[in-house]
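What follows is a set of notes on a single structure, which appears directly below.
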Amino acid sequence: MAEWILSQFPDSILGYVIIGALPLLFILPYALVTIYLEMKMAAHMQDRVAYMRTGWHGTLQPFADILKLLQKEDIIPTAADKFLFILAPYLVFIGTYATFAVLPFSSQYAGSELYLGIYYVIAVSSITVVGILMSGWASNNKWSLFGALRAAAQIVSYEIPTALALISVVMVAGTMNLQVLSQQQSGGIFDWYIFGGPFPIVKKLLLIPIMFVLFLIQLTASMAEVNRTPFDIPEAESELVQGYNTEYSGMKFAIFYLAEYANLFVVSAITVVVFFGGWASPFGNYLNSGGWELFWFVLKGMFFVSINIWLRWTLPRLRVDQLMYVSWKVLTPFALVCMILVGLIVVSF
């Protein structure tokens with residue numbers, strides 16, 4: 001797809017601009033749908049109706065929210081570092097947006113088929129931490145800085161079990177290329193890595209329990225990385241007023257939340273590619289061509305987005321010491337043990 005676009009604009013930078021802007025065509029409508037989905041799911045779980053008056057069943061409310069944020073006054077504190085204060089939310093969004101470059105939405109479209117795709121995702125997503133720290137420090141507000149430091153500590157801590165879980169699957173698959181990972185699982189649901197992958201039956205049976213544990217580690221750590229309840233202590237409204245983005249208003253405030261929702265899809269998409277076949281149909285070659293690949297990828301991604309929303313409105317928030325305990329004393333040791341077991345299986349078979 002990228003090569004075709006570039007061929008239409010030879011010797012022009014316009015082709016690269018179009019390729020770089022393509023993820024926005026997905027992120028913006030996705031964010032609107034997810035905001036509506038989250039409010040409705042939360043309301044029904046709490047025996048409420050949520051949006052109802054703005055459009056049919058409140059379907060126009062997310063558009064009204066965006067319009068409201070666009071019209072709000074953009075306030076910058078007098079004592080803030082103006083340049084860094086303005087740059088921070090964009091840096092957070094860039095860290096998330098850059099990961100879309102390697103997501104394989106179908107066999108025909110991936111922005112870039114990097115051979116180090118998983119490594120790239122882990123590396124470039126860390127830019128978000130820099131933006132969060134920058135927002136807290138530049139605000140010249142001690143509470144914002146506390147929230148930023150908590151967020152940075154949390155994200156850096158949970159990147160470790162995430163990386164270990166992904167590396168374990170890479171050891172089995174023999175590739176970091178997300179497109180190749182999807183292709184390896186295209187033989188049907190029982191070729192997905194959550195069910196042992198496309199391997200002989202003995203190897204599959206040995207891998208299935210390990211892969212299930214790795215999936216739970218990845219799912220839990222990904223929720224912590226995007227600051228979702230029960231891991232949302234950096235933005236705990238009742239304890240911190242808001243957190244690292246307390247001093248932000250208007251569109252800059254909205255960019256933080258756009259980045260959060262975009263990142264929510266990214267971590268869900270990585271889970272889909274690594275464990276659940278990516279764009280591959282669960283029925284093998286049936287319904288597995290053209291637009292169907294995009295359909296399966298987005299459907300699976302939205303399923304895990306819904307899981308994150310469901311857990312957010314179900315579980316209570318952890319204390320910060322409990323949050324760190326889960327990462328360093330639960331997820332990381334389990335991930336290390338799983339990686340060792342995967343290594344033994346790969347060497348033995």
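Listed values, structure above:
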| read-out | value |
| --- | --- |
| Residue in the range 321-330 that is touching a residue at least 12 places away in the same chain (Cβ under 8 Å) and out of contact with any helix residue (DSSP H, G or I) (no Cβ under 7 Å at 6 or more places or on another chain) present | yes |
| Failed item in (1) assigned to a helix (DSSP H, G or I); (2) modelled with pLDDT under 90; (3) of a type in the set (Val, Ile, Thr), with THR271 passing the rest | (2) |
| Those helices (runs of 4 or more DSSP H) lying entirely in the range 107-185 with at least 1 residues touching a Gly at 6+ places or on another chain (Cβ under 7 Å), over 21 Å from LEU87 (Cβ atoms) and modelled with pLDDT of 90 or more | 142-173, 178-184 |
| Filtered residue count, the range 18-55, keeping only those that are farther than 30 Å from TYR109 by Cβ, under 24 Å from the mean Cα position of the chain (by Cα) and exposed (fewer than 15 other Cβ atoms within 10 Å of the Cβ) | 1 |
| Conditions (1) more than 28 Å from MET41 (Cβ to Cβ); (2) assigned by TED's automatic domain parsing to the domain that holds LYS40; (3) among the hydroxyl-bearing types (Ser, Thr, Tyr); number of the one not met by TYR51 | (1) |
| Test: residue in the range 189-199 that is out of contact with any Pro (no Cβ under 8 Å at 6 or more places or on another chain) and acidic (Asp, Glu) | no |
| Scope the range 147-159; condition touching a Leu at 6+ places or on another chain (Cβ under 7 Å) and in contact (Cβ under 8 Å) with a residue 60 or more places away in the chain; matching residues | GLY147, ALA148, GLN154 |
| Residue match in the range 213-235 (condition: within 14 Å of the chain's Cα centre (by Cα) and of a type in the set (Val, Ile, Thr)) | yes |
| Verdict on PHE212 being at pLDDT 90 or above and aromatic (Phe, Trp, Tyr) | yes |
| Residue check for PHE199: over 26 Å from LEU116 (Cβ atoms) and hydrophobic (A, V, I, L, M, F, W, C) | no |
| Yes/no for ASN288 being assigned to a loop (DSSP other than H, G, I, E, B) and not aromatic (Phe, Trp, Tyr) | yes |
| Residue ID - nearest to ILE255 (Cα to Cα), chosen from residues in the range 55-75 that are in contact (Cβ under 8 Å) with a residue 24 or more places away in the chain and among the β-branched types (Val, Ile, Thr) | ILE66 |
| Residues satisfying the stated conditions in the range 186-196, i.e. assigned to a helix (DSSP H, G or I), over 22 Å from SER289 (Cα atoms) and either of a type in the set (Asp, Glu) or free of Cβ contacts under 8 Å to residues at least 60 places away in the same chain (or both) | PHE195 |
| Matching residues, the range 180-195, being surrounded by fewer than 23 Cβ atoms within 10 Å (Cβ to Cβ) and not hydroxyl-bearing (Ser, Thr, Tyr) | VAL180, GLN183, GLN184, GLY187, GLY188, ILE189, PHE190, ASP191, ILE194, PHE195 |
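Yes/no matrix, rows are residues, columns are (1) over 22 Å from the mean Cα position of the chain (by Cα); (2) among the aliphatic types (A, V, I, L, M); (3) in the same structural domain as TYR193 (by TED's automatic domain parsing):
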residue: SER281; (1), (2), (3): no, no, yes
residue: ASN285; (1), (2), (3): yes, no, yes
residue: GLY290; (1), (2), (3): yes, no, yes
residue: PHE304; (1), (2), (3): no, no, yes
residue: TRP313; (1), (2), (3): no, no, yes
residue: LYS329; (1), (2), (3): yes, no, yes
residue: MET339; (1), (2), (3): yes, yes, yes
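The values are calculated or read from the model by the stated rules, or taken from the named source; none is laboratory data. For clarity, every value in this text was computed on a predicted model and none was experimentally measured. Note that each Cβ is placed from the backbone with ideal geometry, even for glycine, and that neighbours are counted across all protein chains shown.
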